[in-house]
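Taking it in order: structure first as structure tokens, then the write-up.
Readers should treat all values here as calculations from the given coordinates under stated rules, not as data from a laboratory. Values in this document were obtained by computation on a predicted structure and should not be read as measured data. Counting neighbours? That spans all protein chains shown, and the Cβs are built from the backbone with ideal geometry, glycine included.
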Amino acid sequence: QVPGQVKHYLQFADLTREEYDYLLSRAAYLKAKFKSYETWHPLHDRTLAMIFEKHSTRTRLSFEAGIHQLGGHAVYLNTRDTQLGRGEPVEDAAQVISRMTDIIMIRTFGQDIIERFAANSRVPVINGLTNEYHPCQVLADIFTFVETRGSIQGKTVAWVGDANNMAYTWLQAAEKLDFQLRFSAPAGYQLDMSRISSNALKHLTVCADPKEACKGADLVTTDVWTSMGYEEENTSRMTAFKDWIVSQELMSLAKPNAVFMHCLPAHRGEEVTAEVIDGPQSVVWEEAENRLHVQKALMEYLLCGRLD
Ligand code: CP
Ligand code: NVA
């Protein structure tokens, strides 16, 4: 394979609706195999490079366990130990790493970094979180919704919180999979409308009041007030977001069978109360586990194509 002709997963918009239909059913199939301890090694002897420029628990573990379960193995690289941390150009790193491995996952800062890396990679590159997007997480979230409540098409998702990587990815998913996203954040932390296409706008309602966003919703979700890389804004964010807490009162405005999701790690008493995240409507542990299953489907698909 040559750079420029490889299929990557850098944002949710990169795959078609049909590809998502396949990945969601494939993830369910792979999950069932995993639960019955069935060996399945389509990626026998393949190597996944995992490059981390930010912290991670779930992403690292789910990718590392996932490639292993598919018959391959993972190499963990971070900024501190590699030459990337000493200024080696991203383009050079991509050339070298992609000549020694079969697939690459990157967690980094700007989306431009992963795009430059992918443009110079001979093998598929997966976004394991950037400042702009977190597509593997939203894929797991949608899989979790489908698994617990059925199709997400035509449903309403309430986002209560920051206009961060998760929020923009949810909006891409709403456009791709045809559901509605209600977004509510304090003034000064709104979505940047210049990043949103006119078609995506058809799937978005911006609500000044988080209660309005949650009314009748099928899924309520939030995330940390301060994402990785924005730590110096933490104090001002704590004040700005104080009324954007997912409480039981907010959840009670959603549909009675609405689910609560959070990509984790969470801060009880900040963006969500303990009552909600530890309560009966919360599916956060399934959501975290499903990172493993959807990413196995994704890696298998990027390397082997459809296997159904
Ligand atoms: N949700 C998520 O991506 O978790 P980690 O930061 O632990 O990888
Ligand atoms: N929005 C959060 C997600 C962490 C998984 C962050 O970028 O830090």
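Answer yes or no as to whether MET251 is away from ligand 1 (no atom under 16 Å from the Cβ), farther than 23 Å from GLU132 by Cα and over 19 Å from the mean Cα position of the chain (by Cα).
On the way: away from ligand 1 (no atom under 16 Å from the Cβ): yes; farther than 23 Å from GLU132 by Cα: yes; over 19 Å from the mean Cα position of the chain (by Cα): yes.
In short, yes.
Scan the stretch 258-275 for residues that are touching a helix residue (DSSP H, G or I) at 6+ places or on another chain (Cβ under 7 Å) and surrounded by fewer than 16 Cβ atoms within 10 Å (Cβ to Cβ) and jot them down.
Correct list: ARG268, GLU275.
Could you check the stretch 47-60 and list, in sequence order, the residues that are in contact (Cβ under 8 Å) with a residue 40 or more places away in the chain and either within 16 Å of ligand 2 (Cβ to nearest atom) or buried (at least 20 other Cβ atoms within 10 Å of the Cβ) (or both)?
LEU48, ALA49, MET50, ILE51, PHE52, GLU53, LYS54, HIS55, SER56, THR57, ARG58, THR59
Could you list, in sequence order, the residues of the stretch 149-178 that are in a helix (DSSP H, G or I), more than 16 Å from ligand 1 (Cβ to nearest atom), touching a strand residue (DSSP E or B) at 6+ places or on another chain (Cβ under 7 Å) and of a type in the set (A, V, I, L, M)?
Restricting attention to the stretch 149-178, the residues satisfying the condition of being in a helix (DSSP H, G or I) are 149, 165-177.
Next cut, more than 16 Å from ligand 1 (Cβ to nearest atom) only: 149, 171-172, 174-177.
Still in the list and also touching a strand residue (DSSP E or B) at 6+ places or on another chain (Cβ under 7 Å): 149, 171, 174.
Scanning the stretch 149-178 gives LEU171, ALA174.
Quick one: how many residues across the stretch 7-31 are surrounded by fewer than 19 Cβ atoms within 10 Å (Cβ to Cβ) and under 14 Å from ILE114 (Cα atoms)?
2
Answer with yes or no whether GLU233 is of a type in the set (Asp, Glu), within 16 Å of ligand 2 (Cβ to nearest atom), closer than 17 Å to ALA187 by Cα and free of Cβ contacts under 8 Å to residues at least 40 places away in the same chain.
Values: of a type in the set (Asp, Glu): yes; within 16 Å of ligand 2 (Cβ to nearest atom): yes; closer than 17 Å to ALA187 by Cα: yes; free of Cβ contacts under 8 Å to residues at least 40 places away in the same chain: yes.
Yes: the conditions hold for GLU233.
Could you check, for the stretch 256-267, whether at least one of its residues is of a type in the set (Val, Ile, Thr) and within 16 Å of ligand 2 (Cβ to nearest atom)?
Let us first name the residues in the stretch 256-267 that are of a type in the set (Val, Ile, Thr), namely 259.
Now narrow it down to the ones that are within 16 Å of ligand 2 (Cβ to nearest atom): none.
Checked the stretch 256-267: no residue is of a type in the set (Val, Ile, Thr) and within 16 Å of ligand 2 (Cβ to nearest atom).
If you check ALA158, ALA163, ALA140, which single one turns out to be within 20 Å of LYS176 (Cβ to Cβ) and in contact with a His (Cβ under 9 Å, 6 or more places away or on another chain)? Write out each step before concluding.
Details: ALA158 fails: in contact with a His (Cβ under 9 Å, 6 or more places away or on another chain); ALA163 fails: in contact with a His (Cβ under 9 Å, 6 or more places away or on another chain).
Going through ALA158, ALA163, ALA140 in turn, just one is within 20 Å of LYS176 (Cβ to Cβ) and in contact with a His (Cβ under 9 Å, 6 or more places away or on another chain): ALA140.
Do we find that ILE97 is within 16 Å of ligand 2 (Cβ to nearest atom), crowded, with 16+ Cβ neighbours inside 10 Å and hydrophobic (A, V, I, L, M, F, W, C) in this structure?
no
Out of the residues in the stretch 122-145 meeting the condition of being farther than 12 Å from PHE12 by Cα and more than 12 Å from ligand 1 (Cβ to nearest atom), tell me which one is surrounded by the most Cβ atoms within 10 Å (Cβ to Cβ).
VAL125
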